[in-house]
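The values are calculated or read from the model by the stated rules, or taken from the named source; none is laboratory data. Owing to the predicted nature of the structure, the values given are computational and were not obtained by experimental measurement. Here the Cβ is made from the backbone with ideal geometry for all residues, glycine too, and neighbour counts use every protein chain on show.
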Amino acid sequence: MKLRQLIPTVDTNLEDISRNHFFFFSNLVQCGEFVSELSLENLKITLEQINSLKAKASTSERNQVHHYEILKTHMAFCVEGTVMIKKQITHTGRCRSRLNLSLQSSYFGNVMFEASLVALSCDLLSESLSSLIISFYKIDIHAVLLCISTLNMDAQFPSSSPGGGDTMKINTKESIIVRPHQDIPQHRLWLSNIDLLHPRYYLPTVYLYRPNGSSDFFEAEVLKEALRKVLVPFYPVAGRLARDENGRIEINCNGEGVLFVVADTESTTEELGEFMTSMKFRQLIPTVDTNLEDISRNPLLLLQVTSFKCGGVCLGVGWHHTLADGTGALHFINSWATLARGHSITIPPLLDRTILRGRVAPKPIFHHVEFDPPPTMNTDHLTKNPKTQSLANLKITLEQINSLKEEASNVGRETKYTTYEILTAHIWRSVSKARNFQSNDQKTKLRIAVDGRSRLDPPLQSSYFGNVIFTASPVALSGDLLSESFRCTVERIHREIKKMDAEYLRSALDYLEEVGDVNSIPRGSITCACPNLNIVSWMRLPIYKADFGWCPCMRPATMFEGKGYIHPDPANDGSFSLAICLEADHMESFRKLNGSWMRLPFYKADFGWGAPLLMRPTTMFEEKGYIHLNPANDGIFSLAICLEADHMESFRKLFYDF
């Protein structure tokens, strides 16, 4: 909970959607009457391990297989080893470049779609890594839409979120609303169906900074002044949610501002421990009432700067998902950091989201499995025996990555798999084995986020500010997943991601246009809970560039079962970490057996005091995973994942067994 204390909160249940700021913390909801005990792990993935997976996943096909595809496939295989059931796997991706009329990278909004693959666990476990990657990434980016995390609109944190009740005493010194320092355009910003597909919650993250001896270390006035400036080009962040005459949600760009909290504590950063085991992190992020009927009441951005007794500082961020995906959020944070260091912003955000409108006459031409209900357990897994959850943060070294790459390779075949594909394949297989499904015909679905910016036609600019994440969702039978070669699993994932081209993404946009009410589409934690899995890649996100003048370290604040994050190690030594949440009785198996923020600029949030020591998401739920780069930029990745607690140990063992 300590991480969550570093980010402000607001009431997100207000009826007036215009009341809240855009940068904030959000509520998680655990679907279902009963909840399993969850376990969270952060696993390190080295370059050697990734190369080993790539070697196992190589095929003769002339297609490039990315790290993300390979990692996600491997992860899914491992997950299937723990619970033998039918599963739907979903991949969330940024799709600015995948639409026919590509969005600019500066597009400011949500453009993340999901690709989904449904498969029986026996099929998933029996296939080779390369075959699994092909199945997984066949999604033609033009479709998968974002079914990305599931959160509750009734509570700031999921009742099932793992982590003890230990808290810190936080002393709030100042709580103000910061507004743009000059007049901004006053208008209503239309939101795409991808923006609306996300539940209205806040994405919580925390940045930890070591003191650098500077007399103005994390000076609040420096941050506030830079914040006022950055809210001018990113003015939708200072707005509020609203509804048009037809009840459709939009952003009222009224300049009402964002929440900025200054606090201190007698605790030290060392007392935080691993983010996945402590409720203290939750105190580092402001909270608001997300149950207000008035949706205009809460800010869309919540910020909290907490000073520790040891001299360290935490920047807690609650980012309303309606504003933008991870790429857009980091564009804002890193632009804020640039201004705080006294420099000018060189890449302004692209705010027009109409490029993601469905066609006047919608023509979906694909079956979008990513929007189908997720597979459920063949047995009454949760209803009779609620499970505790376990969280883990596992290191993946460069040697381990190369080992996985070697295992995924296939002499004579020209397919190149990405580190993410290899790691995810390893994770999927390990989690599946750790879950110890009772039958080989249990379906398991892996969810993979795919950024559509570069996949649309023409591609979107990287500065597109909004949600452009689509979802690739390979599905396999647990028996297939565990019996097939590692390369076949990597190939499943690779195929699903590869199919997500501009045509598929356009089809997804048209599908959502035909559906009309995106609230009817399954989303949230229920989509990645056992027997399913969601691995997010932070491997390319600039998470350690949030340098306000001090060096940061970024973390997620909360996790839930089935959720995992693969992220780079701050040491920038080529290794990665896996933060994952599983059922407690699965975690030990997973540890022994052993998703992506792989390219996002997490560590660029330098406000003038150096890049963050680490950056982490603070919300995890069962079957969710994040893959992210090591801050040292040394080729090492990390996977943060949440599974049912009784699955985590098995997953951990499977994950590192290659």
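For the stretch 573-590, what are the residues that are assigned to a loop (DSSP other than H, G, I, E, B), surrounded by 24 or more Cβ atoms within 10 Å (Cβ to Cβ) and on the phi < 0 side of the Ramachandran plot?
Across the stretch 573-590, the qualifying residue is only Ala584.
If we keep just the residues of the stretch 396-429 that are assigned to a helix (DSSP H, G or I) and β-branched (Val, Ile, Thr), which is surrounded by the fewest Cβ atoms within 10 Å (Cβ to Cβ)?
Going through the qualifying residues, I end up with Ile401.
Need the failing condition index for Gly311 against (1) surrounded by fewer than 24 Cβ atoms within 10 Å (Cβ to Cβ); (2) over 25 Å from Pro458 (Cα atoms); (3) in contact with a strand residue (DSSP E or B) (Cβ under 7 Å, 6 or more places away or on another chain), just the number.
With (1) surrounded by fewer than 24 Cβ atoms within 10 Å (Cβ to Cβ); (2) over 25 Å from Pro458 (Cα atoms); (3) in contact with a strand residue (DSSP E or B) (Cβ under 7 Å, 6 or more places away or on another chain) applied to Gly311, the lone miss is (3).
Could you check the stretch 219-262 and list, in sequence order, the residues that are small (Gly, Ala, Ser) and under 26 Å from the mean Cα position of the chain (by Cα)?
Ala238, Gly239, Ala242, Gly257, listed by residue number.
What tally of residues in the stretch 514-528 results from selecting those that are buried (at least 19 other Cβ atoms within 10 Å of the Cβ) and among the charged types (D, E, K, R)?
Summing the residues that are buried (at least 19 other Cβ atoms within 10 Å of the Cβ) and among the charged types (D, E, K, R) in the stretch 514-528 gives 1.
List every residue pair whose Cβ atoms sit under 7 Å apart, with the two residues 6 or more apart in sequence or on different chains, where the first one lies in the stretch 229-253 and is modelled with pLDDT of 95 or more and the second, anywhere, is polar (S, T, N, Q) and surrounded by fewer than 17 Cβ atoms within 10 Å (Cβ to Cβ).
Val232/Gln182; Cys253/Gln186
Among the residues in the stretch 546-557, are any basic (Lys, Arg), crowded, with 24+ Cβ neighbours inside 10 Å, modelled with pLDDT under 95 and closer than 18 Å to Arg429 by Cα?
Checked the stretch 546-557: no residue is basic (Lys, Arg), crowded, with 24+ Cβ neighbours inside 10 Å, modelled with pLDDT under 95 and closer than 18 Å to Arg429 by Cα.
Select, from Pro185, Pro199, Pro211, the only residue that is touching a helix residue (DSSP H, G or I) at 6+ places or on another chain (Cβ under 8 Å) and part of a loop (DSSP other than H, G, I, E, B).
Only one candidate passes the filter, namely Pro185.
Can you pull out every residue in the stretch 499-517 that is aliphatic (A, V, I, L, M) and closer than 9 Å to Phe371 by Cβ?
Matches in the stretch 499-517: Ala508, Leu512, Val515.
Answer yes or no as to whether Ile177 is within 22 Å of Ala340 (Cβ to Cβ) and in a loop (DSSP other than H, G, I, E, B).
Judged against the criteria, Ile177 is not a match.
Would you please name the residue that is modelled with the highest pLDDT, looking only at residues in the stretch 495-520 that are within 20 Å of Pro199 (Cα to Cα) and hydroxyl-bearing (Ser, Thr, Tyr)?
Here the answer is Tyr511.
Considering Glu256, Glu270, which residue is surrounded by fewer than 21 Cβ atoms within 10 Å (Cβ to Cβ), assigned to a helix (DSSP H, G or I) and of a type outside the set (Ser, Thr, Tyr)?
Every option except Glu270 fails the conditions.
For (1) modelled with pLDDT of 95 or more; (2) touching an Asp or Glu at 6+ places or on another chain (Cβ under 8 Å); (3) not polar (S, T, N, Q), each residue gets a yes or a no:
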| position | (1), (2), (3) |
| --- | --- |
| Ile133 | no, yes, yes |
| Gln156 | no, no, no |
| His187 | yes, no, yes |
| Gly213 | no, no, yes |
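Go through (1) at pLDDT 90 or above; (2) in contact with a helix residue (DSSP H, G or I) (Cβ under 8 Å, 6 or more places away or on another chain); (3) under 19 Å from His494 (Cβ atoms); (4) not hydrophobic (A, V, I, L, M, F, W, C) and name the single condition Thr415 misses.
Every listed condition holds for Thr415 apart from (1).
In this structure, does Leu533 turn out to be surrounded by 24 or more Cβ atoms within 10 Å (Cβ to Cβ) and modelled with pLDDT of 95 or more?
No; evaluated as a whole, the condition is false for this residue.
Kindly indicate whether any position in the stretch 463-484 is of a type in the set (Asp, Glu), crowded, with 24+ Cβ neighbours inside 10 Å and more than 21 Å from the chain's Cα centre (by Cα).
yes
Mind counting the residues in the stretch 418-449 that are over 17 Å from the mean Cα position of the chain (by Cα) and of a type in the set (Phe, Trp, Tyr)?
1
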